[in-house]
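Inspection log for the structure reproduced underneath, given as C-alpha coordinates.
The values are calculated or read from the model by the stated rules, or taken from the named source; none is laboratory data. Predicted model only: the values in this text are computed from it and were never measured. Here the Cβ positions follow ideal geometry from the backbone for every residue, glycine too, while neighbour counts run over all protein chains shown. SASA here: full protein model, heavy atoms, side chains in, ligands and nucleic acids out. Shrake-Rupley method; radii C 1.70, N 1.55, O 1.52, S 1.80 Å.
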Amino acid sequence: MAMAGLYKRVLPSPPAVDFASSDGKQLFIEAIQNGTMEGFYKLISYFQTQSEPAYCGLASLSMVLNALAIDPGRKWKGPWRWFDESMLDCCEPLEKVKEKGISFGKLVCLAHCAGAKVQAFRTNQSSLDDFRKFVVRCSTSDDCHIISSYHRATFKQTGTGHFSPIGGYHAGRDMALILDVARFKYPPHWVPLRLLWEAMESVDEATRQCRGYMSCKHESWVKVAKYLMDDVPNLVKTDDVKDVHKVLSVVFSSLPSHFGEFIKWIAEVRRREDGGQNLSLEENGRLSLKEEVLKQVQETGLFKHVVAFLSSLTLCCRNAPTLSDENNLPDIAATVCCQGAELLSGAFGSSERYCCQETCIRRLRANGDKPITLVSGTVVNGSSEQGVDVLVPSCPNKLNCCGSGPSNCNGIYPAGNDVLTALLLALPPETWRGIKDEKLLNEMYSLVSTENLPILLQEE
(Lines give C-alpha, C1' and ligand atoms only; values in the text may rest on other atoms or scores of the structure.)
Protein backbone atom coordinates (compact mmCIF):
# COMPACT_ATOMS: atom_id res chain seq x y z
CA MET A 1 0.00 0.00 0.00
CA ALA A 2 1.32 3.44 -0.90
CA MET A 3 2.28 5.53 2.09
CA ALA A 4 1.77 9.29 2.31
CA GLY A 5 4.82 11.48 2.74
CA LEU A 6 8.41 11.32 1.54
CA TYR A 7 11.19 8.87 2.25
CA LYS A 8 14.56 10.47 1.53
CA ARG A 9 15.70 12.21 -1.65
CA VAL A 10 18.15 11.07 -4.28
CA LEU A 11 21.38 12.99 -3.76
CA PRO A 12 22.20 14.88 -7.00
CA SER A 13 25.63 13.60 -7.95
CA PRO A 14 27.44 15.43 -9.38
CA PRO A 15 28.09 17.89 -7.92
CA ALA A 16 27.91 16.09 -4.56
CA VAL A 17 29.61 12.78 -3.78
CA ASP A 18 27.80 10.48 -1.37
CA PHE A 19 29.99 9.85 1.69
CA ALA A 20 29.14 6.13 1.63
CA SER A 21 29.84 5.67 -2.10
CA SER A 22 33.09 4.14 -3.42
CA ASP A 23 34.33 7.57 -4.46
CA GLY A 24 33.24 9.04 -1.14
CA LYS A 25 35.10 6.35 0.82
CA GLN A 26 38.23 6.96 -1.23
CA LEU A 27 38.04 10.69 -0.54
CA PHE A 28 37.67 9.91 3.16
CA ILE A 29 40.70 7.59 3.24
CA GLU A 30 42.90 10.05 1.37
CA ALA A 31 41.79 12.94 3.60
CA ILE A 32 42.63 10.88 6.70
CA GLN A 33 46.07 10.14 5.31
CA ASN A 34 46.63 13.84 4.67
CA GLY A 35 45.54 14.78 8.21
CA THR A 36 42.48 16.81 7.25
CA MET A 37 39.86 14.70 9.03
CA GLU A 38 40.90 15.34 12.64
CA GLY A 39 37.75 17.28 13.41
CA PHE A 40 35.57 14.52 11.97
CA TYR A 41 35.81 12.04 14.82
CA LYS A 42 34.27 14.16 17.54
CA LEU A 43 31.62 15.54 15.20
CA ILE A 44 30.57 12.08 14.04
CA SER A 45 30.38 10.97 17.67
CA TYR A 46 27.64 13.56 18.25
CA PHE A 47 26.06 13.58 14.78
CA GLN A 48 22.33 14.10 15.08
CA THR A 49 19.27 14.52 12.92
CA GLN A 50 17.32 17.74 13.23
CA SER A 51 14.10 17.04 15.11
CA GLU A 52 12.04 19.61 13.19
CA PRO A 53 12.11 20.52 9.47
CA ALA A 54 13.28 24.06 10.35
CA TYR A 55 15.72 23.09 13.12
CA CYS A 56 18.79 22.63 10.91
CA GLY A 57 20.57 25.53 12.62
CA LEU A 58 19.75 24.35 16.13
CA ALA A 59 20.73 20.75 15.35
CA SER A 60 24.02 21.86 13.79
CA LEU A 61 24.87 24.01 16.80
CA SER A 62 23.92 21.48 19.47
CA MET A 63 25.96 18.88 17.60
CA VAL A 64 28.99 21.19 17.54
CA LEU A 65 28.58 22.26 21.18
CA ASN A 66 28.48 18.65 22.33
CA ALA A 67 31.45 17.78 20.13
CA LEU A 68 33.38 20.62 21.78
CA ALA A 69 32.45 19.23 25.22
CA ILE A 70 30.93 22.51 26.38
CA ASP A 71 28.95 22.07 29.58
CA PRO A 72 25.56 23.80 29.15
CA GLY A 73 25.40 24.41 32.89
CA ARG A 74 21.81 23.19 33.11
CA LYS A 75 20.01 19.90 33.00
CA TRP A 76 18.65 18.33 29.84
CA LYS A 77 16.75 15.35 31.27
CA GLY A 78 17.09 13.65 34.63
CA PRO A 79 20.47 14.62 36.12
CA TRP A 80 22.16 14.95 32.73
CA ARG A 81 23.54 18.21 31.40
CA TRP A 82 23.55 18.00 27.61
CA PHE A 83 22.89 20.31 24.68
CA ASP A 84 19.64 19.66 22.88
CA GLU A 85 17.85 21.74 20.27
CA SER A 86 15.11 22.53 22.80
CA MET A 87 17.66 24.31 25.02
CA LEU A 88 18.84 26.79 22.37
CA ASP A 89 16.21 29.44 22.91
CA CYS A 90 17.99 32.48 24.32
CA CYS A 91 18.22 34.47 21.05
CA GLU A 92 15.05 33.42 19.24
CA PRO A 93 11.85 31.79 20.59
CA LEU A 94 11.68 28.12 19.64
CA GLU A 95 8.17 28.46 18.25
CA LYS A 96 9.39 31.10 15.85
CA VAL A 97 12.36 28.92 14.81
CA LYS A 98 10.03 25.98 14.34
CA GLU A 99 7.88 28.05 12.00
CA LYS A 100 10.49 30.05 10.05
CA GLY A 101 13.92 28.69 10.89
CA ILE A 102 16.72 30.83 12.26
CA SER A 103 18.94 33.46 10.67
CA PHE A 104 22.72 33.28 10.49
CA GLY A 105 23.08 36.18 12.92
CA LYS A 106 20.76 34.64 15.51
CA LEU A 107 22.63 31.32 15.32
CA VAL A 108 25.88 33.16 15.99
CA CYS A 109 24.20 34.78 19.00
CA LEU A 110 23.11 31.34 20.25
CA ALA A 111 26.64 30.00 19.95
CA HIS A 112 27.99 32.92 22.00
CA CYS A 113 25.35 32.47 24.69
CA ALA A 114 26.06 28.74 24.88
CA GLY A 115 29.70 29.40 25.74
CA ALA A 116 31.52 28.95 22.44
CA LYS A 117 34.11 31.35 21.10
CA VAL A 118 32.79 32.23 17.66
CA GLN A 119 34.34 33.75 14.58
CA ALA A 120 31.57 34.44 12.09
CA PHE A 121 31.78 35.81 8.56
CA ARG A 122 29.27 36.53 5.89
CA THR A 123 30.62 36.00 2.40
CA ASN A 124 30.75 39.74 1.76
CA GLN A 125 33.07 40.00 4.80
CA SER A 126 35.41 37.21 3.76
CA SER A 127 36.84 35.44 0.72
CA LEU A 128 37.09 31.93 -0.67
CA ASP A 129 40.75 31.75 0.35
CA ASP A 130 39.96 32.84 3.91
CA PHE A 131 37.15 30.29 4.09
CA ARG A 132 39.49 27.56 2.86
CA LYS A 133 42.01 28.48 5.58
CA PHE A 134 39.34 28.12 8.27
CA VAL A 135 38.22 24.79 6.84
CA VAL A 136 41.80 23.49 6.79
CA ARG A 137 42.47 24.76 10.30
CA CYS A 138 39.39 23.10 11.79
CA SER A 139 39.85 19.92 9.74
CA THR A 140 43.40 19.43 11.00
CA SER A 141 42.47 19.76 14.68
CA ASP A 142 39.63 18.68 16.93
CA ASP A 143 39.26 21.90 18.93
CA CYS A 144 37.18 23.87 16.44
CA HIS A 145 34.29 23.13 14.09
CA ILE A 146 32.66 25.06 11.25
CA ILE A 147 28.96 25.49 10.58
CA SER A 148 28.06 26.61 7.08
CA SER A 149 24.93 28.50 6.06
CA TYR A 150 24.19 27.87 2.39
CA HIS A 151 21.48 27.52 -0.26
CA ARG A 152 20.75 23.97 -1.39
CA ALA A 153 19.86 24.94 -4.95
CA THR A 154 23.54 25.47 -5.79
CA PHE A 155 24.01 21.70 -5.31
CA LYS A 156 20.83 20.92 -7.29
CA GLN A 157 19.20 19.79 -4.04
CA THR A 158 15.61 20.50 -3.08
CA GLY A 159 14.96 23.12 -0.46
CA THR A 160 16.35 26.58 0.22
CA GLY A 161 18.54 27.87 3.05
CA HIS A 162 20.22 25.26 5.22
CA PHE A 163 22.77 24.86 8.01
CA SER A 164 25.16 21.94 8.50
CA PRO A 165 28.59 21.35 10.03
CA ILE A 166 31.64 20.72 7.87
CA GLY A 167 33.14 17.38 8.82
CA GLY A 168 36.40 17.34 6.89
CA TYR A 169 38.37 18.46 3.86
CA HIS A 170 40.13 16.80 0.92
CA ALA A 171 43.00 19.08 -0.14
CA GLY A 172 43.80 17.31 -3.42
CA ARG A 173 40.33 17.77 -4.86
CA ASP A 174 39.44 20.84 -2.78
CA MET A 175 36.25 19.26 -1.43
CA ALA A 176 34.49 19.66 1.90
CA LEU A 177 32.47 17.01 3.71
CA ILE A 178 29.01 18.27 4.71
CA LEU A 179 27.50 16.37 7.64
CA ASP A 180 23.93 17.16 6.65
CA VAL A 181 21.75 17.26 9.77
CA ALA A 182 18.67 16.62 7.59
CA ARG A 183 19.62 12.94 7.48
CA PHE A 184 16.03 11.98 6.64
CA LYS A 185 16.59 13.78 3.34
CA TYR A 186 20.24 13.55 2.24
CA PRO A 187 23.20 11.56 3.56
CA PRO A 188 26.58 13.16 4.39
CA HIS A 189 28.25 14.21 1.16
CA TRP A 190 31.37 15.78 -0.31
CA VAL A 191 31.01 19.00 -2.32
CA PRO A 192 33.57 21.21 -4.14
CA LEU A 193 34.64 23.93 -1.72
CA ARG A 194 34.30 26.58 -4.41
CA LEU A 195 30.72 25.50 -5.02
CA LEU A 196 29.99 25.59 -1.28
CA TRP A 197 31.29 29.16 -1.26
CA GLU A 198 28.90 30.02 -4.09
CA ALA A 199 26.06 28.45 -2.11
CA MET A 200 26.97 30.66 0.87
CA GLU A 201 27.09 33.78 -1.32
CA SER A 202 23.34 33.59 -1.85
CA VAL A 203 21.21 36.19 -0.08
CA ASP A 204 18.85 35.16 2.71
CA GLU A 205 15.48 36.60 1.65
CA ALA A 206 14.36 36.99 5.26
CA THR A 207 17.30 39.19 6.32
CA ARG A 208 18.47 40.49 2.91
CA GLN A 209 22.00 39.58 3.92
CA CYS A 210 24.52 37.11 2.58
CA ARG A 211 24.90 33.73 4.23
CA GLY A 212 28.23 32.69 5.62
CA TYR A 213 30.16 30.45 7.99
CA MET A 214 31.05 30.36 11.68
CA SER A 215 33.97 28.73 13.42
CA CYS A 216 33.27 27.55 16.98
CA LYS A 217 35.86 26.75 19.61
CA HIS A 218 35.51 25.67 23.20
CA GLU A 219 36.80 28.45 25.38
CA SER A 220 36.37 26.35 28.50
CA TRP A 221 39.56 28.03 29.53
CA VAL A 222 41.65 24.88 29.76
CA LYS A 223 44.76 26.96 30.45
CA VAL A 224 42.99 28.76 33.27
CA ALA A 225 41.74 25.48 34.69
CA LYS A 226 45.19 23.92 34.43
CA TYR A 227 46.71 26.90 36.20
CA LEU A 228 44.17 26.78 39.02
CA MET A 229 44.34 23.00 39.44
CA ASP A 230 48.04 22.32 38.83
CA ASP A 231 49.99 25.51 39.48
CA VAL A 232 48.18 27.16 42.39
CA PRO A 233 48.75 24.23 44.81
CA ASN A 234 52.51 24.61 44.22
CA LEU A 235 52.51 28.41 44.40
CA VAL A 236 50.94 28.50 47.89
CA LYS A 237 53.73 26.30 49.28
CA THR A 238 56.20 29.20 49.34
CA ASP A 239 57.52 30.30 52.74
CA ASP A 240 56.36 33.92 52.51
CA VAL A 241 52.67 33.05 52.32
CA LYS A 242 51.67 34.31 55.76
CA ASP A 243 48.13 35.65 55.39
CA VAL A 244 45.07 35.53 53.10
CA HIS A 245 46.17 38.70 51.30
CA LYS A 246 49.44 37.03 50.34
CA VAL A 247 47.63 33.87 49.22
CA LEU A 248 45.49 35.94 46.86
CA SER A 249 48.54 37.87 45.68
CA VAL A 250 50.36 34.64 44.83
CA VAL A 251 47.33 33.25 42.99
CA PHE A 252 46.39 36.37 41.04
CA SER A 253 49.85 37.66 40.17
CA SER A 254 50.61 34.59 38.04
CA LEU A 255 47.33 34.26 36.15
CA PRO A 256 47.78 33.16 32.52
CA SER A 257 47.23 35.85 29.92
CA HIS A 258 44.27 33.85 28.62
CA PHE A 259 42.46 34.71 31.85
CA GLY A 260 41.59 38.16 30.52
CA GLU A 261 39.61 36.55 27.72
CA PHE A 262 37.81 34.43 30.31
CA ILE A 263 36.65 37.49 32.22
CA LYS A 264 35.66 39.28 29.02
CA TRP A 265 33.66 36.25 27.88
CA ILE A 266 31.72 36.16 31.14
CA ALA A 267 31.08 39.89 30.91
CA GLU A 268 29.85 39.46 27.32
CA VAL A 269 27.50 36.63 28.25
CA ARG A 270 26.13 38.73 31.10
CA ARG A 271 25.61 41.66 28.77
CA ARG A 272 23.82 39.52 26.20
CA GLU A 273 21.59 37.90 28.81
CA ASP A 274 20.79 41.08 30.69
CA GLY A 275 20.10 42.94 27.46
CA GLY A 276 17.74 40.33 26.02
CA GLN A 277 14.28 41.70 25.31
CA ASN A 278 12.64 38.44 24.28
CA LEU A 279 13.91 35.99 26.87
CA SER A 280 11.78 32.92 27.43
CA LEU A 281 10.37 32.14 30.86
CA GLU A 282 13.03 29.46 31.24
CA GLU A 283 15.82 31.87 30.31
CA ASN A 284 14.50 34.49 32.70
CA GLY A 285 14.37 31.84 35.39
CA ARG A 286 17.98 30.87 34.76
CA LEU A 287 19.03 34.52 34.81
CA SER A 288 17.29 35.05 38.13
CA LEU A 289 18.97 31.95 39.49
CA LYS A 290 22.37 33.21 38.34
CA GLU A 291 21.75 36.57 40.02
CA GLU A 292 20.88 34.79 43.26
CA VAL A 293 24.05 32.68 43.03
CA LEU A 294 26.18 35.79 42.49
CA LYS A 295 24.46 37.51 45.39
CA GLN A 296 25.31 34.57 47.64
CA VAL A 297 28.90 34.61 46.37
CA GLN A 298 29.11 38.27 47.36
CA GLU A 299 27.96 37.41 50.88
CA THR A 300 30.84 35.00 51.53
CA GLY A 301 33.83 35.86 53.66
CA LEU A 302 36.12 34.96 50.77
CA PHE A 303 34.49 37.58 48.55
CA LYS A 304 35.29 40.29 51.10
CA HIS A 305 38.94 39.23 51.07
CA VAL A 306 39.04 39.28 47.26
CA VAL A 307 37.51 42.77 47.14
CA ALA A 308 39.91 44.05 49.79
CA PHE A 309 42.88 42.61 47.93
CA LEU A 310 41.93 44.07 44.55
CA SER A 311 41.11 47.43 46.11
CA SER A 312 44.51 47.55 47.83
CA LEU A 313 46.53 47.20 44.66
CA THR A 314 48.50 50.31 43.75
CA LEU A 315 47.34 50.62 40.18
CA CYS A 316 47.04 54.29 39.40
CA CYS A 317 49.57 57.09 39.72
CA ARG A 318 46.77 59.43 40.77
CA ASN A 319 46.74 57.65 44.14
CA ALA A 320 43.02 57.20 43.78
CA PRO A 321 41.16 56.07 46.91
CA THR A 322 39.89 52.55 47.36
CA LEU A 323 36.49 51.62 46.00
CA SER A 324 34.93 52.11 49.41
CA ASP A 325 35.24 55.88 49.02
CA GLU A 326 31.89 56.77 47.49
CA ASN A 327 32.23 60.54 47.53
CA ASN A 328 34.77 61.10 44.76
CA LEU A 329 33.28 59.62 41.60
CA PRO A 330 36.04 60.76 39.17
CA ASP A 331 38.72 59.11 41.32
CA ILE A 332 36.62 55.98 41.61
CA ALA A 333 36.20 55.99 37.82
CA ALA A 334 39.96 56.27 37.35
CA THR A 335 40.52 53.35 39.71
CA VAL A 336 37.87 51.28 37.95
CA CYS A 337 39.54 51.83 34.58
CA CYS A 338 42.98 50.99 35.95
CA GLN A 339 41.69 47.85 37.61
CA GLY A 340 39.87 46.89 34.43
CA ALA A 341 43.05 47.30 32.38
CA GLU A 342 45.07 45.19 34.78
CA LEU A 343 42.34 42.56 35.06
CA LEU A 344 42.02 42.17 31.30
CA SER A 345 45.79 42.01 30.85
CA GLY A 346 46.06 39.18 33.39
CA ALA A 347 48.70 41.14 35.33
CA PHE A 348 47.31 41.22 38.87
CA GLY A 349 49.82 42.61 41.34
CA SER A 350 52.60 42.86 38.78
CA SER A 351 55.25 45.56 38.73
CA GLU A 352 53.48 47.21 35.82
CA ARG A 353 51.75 50.47 36.68
CA TYR A 354 48.61 51.77 35.08
CA CYS A 355 47.73 55.45 35.05
CA CYS A 356 44.32 56.75 34.01
CA GLN A 357 44.86 60.11 32.36
CA GLU A 358 41.23 61.00 31.77
CA THR A 359 37.83 59.60 32.61
CA CYS A 360 34.28 60.11 31.41
CA ILE A 361 31.21 58.93 33.30
CA ARG A 362 27.89 58.58 31.52
CA ARG A 363 24.55 57.26 32.71
CA LEU A 364 22.80 55.23 30.03
CA ARG A 365 19.66 53.19 29.70
CA ALA A 366 20.08 49.72 28.20
CA ASN A 367 17.14 48.78 25.96
CA GLY A 368 15.33 51.88 27.11
CA ASP A 369 14.70 50.86 30.70
CA LYS A 370 17.71 49.48 32.61
CA PRO A 371 19.97 52.21 34.00
CA ILE A 372 23.69 51.56 33.73
CA THR A 373 26.81 53.61 34.28
CA LEU A 374 29.50 53.65 31.60
CA VAL A 375 32.97 54.56 32.83
CA SER A 376 35.41 55.36 30.02
CA GLY A 377 39.06 56.16 30.45
CA THR A 378 42.42 56.40 28.71
CA VAL A 379 44.85 54.13 30.55
CA VAL A 380 48.61 54.47 30.08
CA ASN A 381 51.10 51.73 30.88
CA GLY A 382 54.64 52.84 30.05
CA SER A 383 54.67 53.86 26.41
CA SER A 384 51.43 52.10 25.49
CA GLU A 385 47.99 53.65 25.70
CA GLN A 386 44.58 52.03 25.54
CA GLY A 387 40.95 53.00 25.96
CA VAL A 388 38.93 51.16 28.58
CA ASP A 389 35.14 51.09 28.80
CA VAL A 390 33.62 49.54 31.92
CA LEU A 391 29.91 49.02 32.55
CA VAL A 392 28.99 49.12 36.24
CA PRO A 393 25.64 48.66 37.99
CA SER A 394 23.45 51.64 38.63
CA CYS A 395 21.03 51.61 41.56
CA PRO A 396 18.75 54.07 43.26
CA ASN A 397 21.06 53.61 46.26
CA LYS A 398 24.71 54.62 46.53
CA LEU A 399 27.09 53.71 43.75
CA ASN A 400 28.54 50.23 44.16
CA CYS A 401 31.46 49.97 41.76
CA CYS A 402 32.62 46.76 40.14
CA GLY A 403 30.79 44.50 42.53
CA SER A 404 32.80 45.77 45.47
CA GLY A 405 30.09 44.82 47.88
CA PRO A 406 26.80 42.90 48.00
CA SER A 407 24.29 44.34 45.60
CA ASN A 408 20.87 43.48 44.27
CA CYS A 409 21.50 45.34 41.02
CA ASN A 410 21.06 43.68 37.67
CA GLY A 411 23.75 44.01 35.06
CA ILE A 412 26.92 43.41 37.09
CA TYR A 413 28.93 43.37 33.92
CA PRO A 414 32.70 42.95 34.05
CA ALA A 415 32.99 42.88 37.85
CA GLY A 416 35.56 40.10 38.18
CA ASN A 417 35.39 40.02 41.98
CA ASP A 418 32.52 37.54 42.07
CA VAL A 419 34.02 35.56 39.18
CA LEU A 420 37.34 35.21 40.99
CA THR A 421 35.61 34.30 44.24
CA ALA A 422 33.50 31.64 42.53
CA LEU A 423 36.61 30.14 40.92
CA LEU A 424 38.38 29.94 44.28
CA LEU A 425 35.33 28.38 45.95
CA ALA A 426 35.20 25.79 43.17
CA LEU A 427 38.76 24.57 43.75
CA PRO A 428 39.16 21.30 45.68
CA PRO A 429 40.28 21.58 49.35
CA GLU A 430 43.59 19.89 48.42
CA THR A 431 44.56 23.10 46.60
CA TRP A 432 45.51 24.76 49.87
CA ARG A 433 47.06 21.78 51.61
CA GLY A 434 50.59 22.99 50.86
CA ILE A 435 50.24 26.18 52.96
CA LYS A 436 52.89 25.83 55.65
CA ASP A 437 51.40 28.18 58.25
CA GLU A 438 48.87 26.03 60.12
CA LYS A 439 46.78 28.97 61.33
CA LEU A 440 46.55 30.35 57.80
CA LEU A 441 45.74 26.91 56.42
CA ASN A 442 42.80 26.58 58.81
CA GLU A 443 41.63 30.10 57.90
CA MET A 444 41.73 29.27 54.18
CA TYR A 445 39.84 26.04 54.78
CA SER A 446 37.13 27.97 56.62
CA LEU A 447 36.88 30.53 53.80
CA VAL A 448 36.65 28.04 50.94
CA SER A 449 34.63 25.34 52.71
CA THR A 450 31.29 24.73 51.06
CA GLU A 451 29.74 23.08 54.12
CA ASN A 452 28.41 26.33 55.56
CA LEU A 453 27.32 27.86 52.26
CA PRO A 454 23.64 28.13 51.25
CA ILE A 455 22.34 25.02 49.50
CA LEU A 456 22.05 26.80 46.14
CA LEU A 457 25.69 27.90 46.24
CA GLN A 458 26.82 24.45 47.40
CA GLU A 459 25.11 22.90 44.38
CA GLU A 460 26.60 25.48 42.04
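A few comments on the model shown:
- Residue separation of residue 239 and residue 119 scaled by 0.36 nm, minus their Cα-Cα distance, works out to 38.7 nm of gained length.
- Note: relative contact order over the stretch 17-218, using C-alpha pairs below 8 Å and six or more positions apart, is 28 percent.
- Taking label points 7 Å from Cα along the Cα-to-Cβ direction, residue 141 and residue 8 give a separation of 3.7 nm.
- Stokes-Einstein D in µm²/s, Kirkwood radius over Cα pairs - the stretch 1-95 at 37 °C with 0.692 mPa s viscosity: 202
- Lys/Arg +1, Asp/Glu -1 at C-beta; the stretch 17-218 dipole; positive extreme among 123, 79, 176: 79
- Accessible area of the stretch 17-218 belonging to carbon and sulfur atoms, whole % at 1.4 Å probe: 50
- For the stretch 17-218, the Stokes-Einstein estimate of translational diffusion at 37 °C and a viscosity of 0.692 mPa s comes to 197 µm²/s, using the Kirkwood hydrodynamic radius over alpha-carbon pairs.
- Point-charge dipole on Cβ atoms (K/R +1, D/E -1) for the stretch 17-218, about Cα centre, debye to 20: 240
- Cβ-Cβ FRET estimate between residue 458 and residue 183, R0 fixed at 41 Å, reported to 0.05: 0.45
- Inter-site label distance for residue 292 and residue 174 at 7 Å from Cα along Cβ, in nm: 5.7
- Cα gyration tensor, the stretch 86-126 - rounded (a/c under 1.5), prolate or oblate: oblate
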